[in-house]
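Can you keep this structure in mind? I'll have questions shortly.
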Amino acid sequence: MENSSSETLHVEDLQTEIMSWLPLKSLLRFVIVSKKWASIIRGEQFKALYLRRSMTRPRLMFMVRRIATLPPEPEMVWFQSFCKEERCIPGQLEVEFLFHSVYQEKIPYFSSGQQQLRVPPNTNYTSVSQPIGGLICLQSETKFALCNPGTKKSRALPDIQAHEKAFITSFLGYDEATNVFKVLCLTMVWAHEPSKRVYEYQVLTVESGVESCSWRGITCKEKDHTPETQGLCKGGVLYYGARSTSDHRPLVMSFNVRSQEFTAIELPDQLHISYFWNFVIYNGDIALVNESDFDPRVVNEPNGNKVFHIWVRDATAQEWQRTRIEIPRWEQNVGHVDYVFRGTTGTKELVFAQDSRHCEDDFFVLYYDTFTKDLRRFQIGVTGPKISVRTCLDHVDSLWLM
């Protein structure tokens with residue numbers, strides 16, 4: 001009897017180990033065909049294991065805004081009615097989001113493990129967070145939703161209470177140690193006199209297996225500020241560029257997802273961030289990139305090499321370091337096409353994504369190997385006219401929201 005029980009446990013452990021390496025689409029099928037497998041896959045222990053394994057095979061995520069030409073996907077029909085409070089203007093073209101991802105470091109890169117999810121159009125402006133922990137946050141004015149592009153599962157979140165004239169900015173953060181997501185929302189009611197402007201900071205906590213959640217006000221002990229860049233979450237800390245409302249100085253704000261504490265990180269005097277700056281991960285550290293440096297009017301070196309500088313945050317020394325990067329034969333290989341630096345992979349390859357404002361049907365990504373000096377070009381496989389394409393590294397598969 002004991003041997004039979006031991007053998008059963010061994011078989012279950014083996015099944016769990018095998019399933020933890022399977023692609024999401026296989027697990028979604030297993031949930032349907034077997035109650036036993038569904039119980040394992042939906043368990044918190046397996047979800048955590050699968051997320052850890054997924055971090056070893058990260059994805060490149062492309063967030064494409066384009067004209068909608070197809071009916072909404074069945075899994076996302078609800079989002080259209082969830083966000084729409086006004087009818088579309090007759091004859092107006094509707095814009096949808098396409099989330100397209102491929103394995104980031106697996107050869108052949110852009111034909112392996114493709115995933116796509118189309119989010120239907122809505123009349124209000126929809127903003128999309130940086131992917132973290134396998135999820136993205138969709139915001140349409142005061143409405144929010146979490147979405148898992150890999151499983152095509154989503155969850156509506158409570159509306160935030162804000163003044164009708166408030167400017168609302170949100171970020172998604174994730175704390176790996178506690179397995180908790182938090183949506184950080186900053187609202188500002190504008191007034192001509194700075195002293196009369198009202199700033200509020202609110203957080204929504206989302207835990208696995210907990211259905212109810214609500215917005216809670218928190219205190220920012222640092223200066224009131226207005227966000228100026230997109231956010232990036234790393235190691236349970238959310239970073240975004242901002243401007244102080246008191247002296248208008250640019251700074252980087254960090255938000256500890258677990259403790260919910262803000263910290264203002266001062267910038268060197270020669271570093272003036274604005275909307276054109278973006279956060280990336282450079283060899284494991286956060287870094288700031290000025291996308292204006294990649295304008296075709298910025299002249300390359302006379303020998304055709306591309307030279308640009310980024311500001312890397314040294315986590316140990318707690319200071320910013322200006323880092324020079326040079327790509328040989330850039331002009332010969334790339335010509336005058338706009339590419340913007342998006343960060344480094346786990347194998348330390350530099351990734352450049354085409355500036356979507358100047359691309360037509362095709363959209364390409366460059367990988368530069370710093371050891372072999374090879375520069376390779378890949379097409380993402382999304383055809384047709386695009387309004388914009390945002391490229392994010394290190395997206396992972398997750399079983400959240402299943």
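The numbers here are math on the coordinates, done by the rules we state, and not lab data. Bear in mind the structure is a predicted one, so any value in this text is a computation, not a measurement. A quick note on method: Cβ atoms are made from the backbone with ideal geometry, for glycine too, and the neighbour counts reach across all protein chains shown.
For Met402, list long-range residues whose amide hydrogen, built 1.01 Å from N in the peptide plane, is under 5 Å from its own amide hydrogen.
none
Mind listing the phi-derived Karplus ³J(HN,Hα) values for segment 263-278, rounded to whole Hz, using 6.51, -1.76 and 1.60 with θ = phi - 60°, and x for any glycine or proline?
9, 8, 9, 5, 10, x, 4, 7, 9, 10, 7, 8, 4, 7, 8, 9
List the chymotrypsin sites (Phe, Trp or Tyr not before Pro) in segment 229-285 that DSSP assigns to loop (not H, G, I, E or B) and whose Cβ has at most 12 other Cβ atoms within 10 Å. Which are they? Don't skip to the end; give the middle numbers.
Values: sites: Tyr239, Tyr240, Phe255, Phe262, Tyr275, Phe276, Trp277, Phe279, Tyr282; in loops: Tyr275, Phe276.
For chymotrypsin sites (Phe, Trp or Tyr not before Pro) across segment 229-285 that sit outside H, G, I, E and B with at most 12 neighbouring Cβ atoms in 10 Å, the list reads Tyr275.
For segment 194-341, what D do you get in µm² per second when you plug the Kirkwood radius from alpha-carbon pairs into Stokes-Einstein at 4 °C and 1.567 mPa s? Mind dumping the intermediate values first?
Numbers: Rh = 17.6 Å.
Translational diffusion coefficient: 73 µm²/s.
Same structure again: Roughly how far apart, in whole Å, are the Cα centres of segment 155-188 and segment 132-152?
11 Å
Can I ask one more? May I ask you to derive the FRET efficiency for Arg329 and Phe364 from their Cβ-Cβ distance with R0 = 22 Å, giving the value to the nearest 0.05?
Values: r = 17 Å, r/R0 = 0.76.
Between Arg329 and Phe364 the formula returns 0.85.
Still on this structure, please answer the following. Report, in deg cm²/dmol and to the nearest 500, the calculated mean residue ellipticity at 222 nm for the chain, where each DSSP H run with n ≥ 4 adds -39500 (n - 2.57) and the sum is divided by the residue count.
Values: 6 runs with 58 residues, N = 402.
Result for the chain: -4000 deg cm²/dmol, rounded to the nearest 500.
A further question on this structure: Distance in nm between label sites at Asp374 and His192, each 7 Å beyond Cα in the beta-carbon direction?
About 6.3 nm separates the two model spin labels.
So, in nm, how far is label Glu211 from label Glu291 when the simple model puts each one 7 Å beyond its Cα toward the Cβ?
Roughly 4.0 nm, to one decimal.
Please report how far the C-alpha centroid of segment 249-310 lies from that of segment 378-402, rounded to the nearest whole angstrom.
22 Å
Once phi is turned into θ = phi - 60°, what whole-Hz ³J(HN,Hα) does the Karplus curve with 6.51, -1.76 and 1.60 give for every residue of segment 59-69, x standing for Gly and Pro?
Ordered by residue, 3J(HN,Hα) equals 10, 9, 10, 10, 9, 9, 9, 8, 5, 6, 10 Hz.
What are the ³J(HN,Hα) values, in whole Hz, obtained from phi via the Karplus relation 6.51 cos²θ - 1.76 cosθ + 1.60 with θ = phi - 60°, for each residue of segment 12-28 in sequence order, with x given for Gly and Pro?
With the stated coefficients, segment 12-28 comes to 5, 5, 5, 4, 4, 4, 5, 5, 5, 9, 7, x, 4, 4, 5, 5, 5 Hz.
Then there is this: Please give the contour-minus-distance gain from Thr219 to Asn256: 0.36 nm per residue of separation, less the Cα-Cα distance, rounded to one decimal in nm. Numbers along the way, then the final one.
Values: separation 37, 0.36 × 37 = 13.32 nm, distance 1.29 nm.
Contour length minus the Cα-Cα distance gives 12.0 nm.
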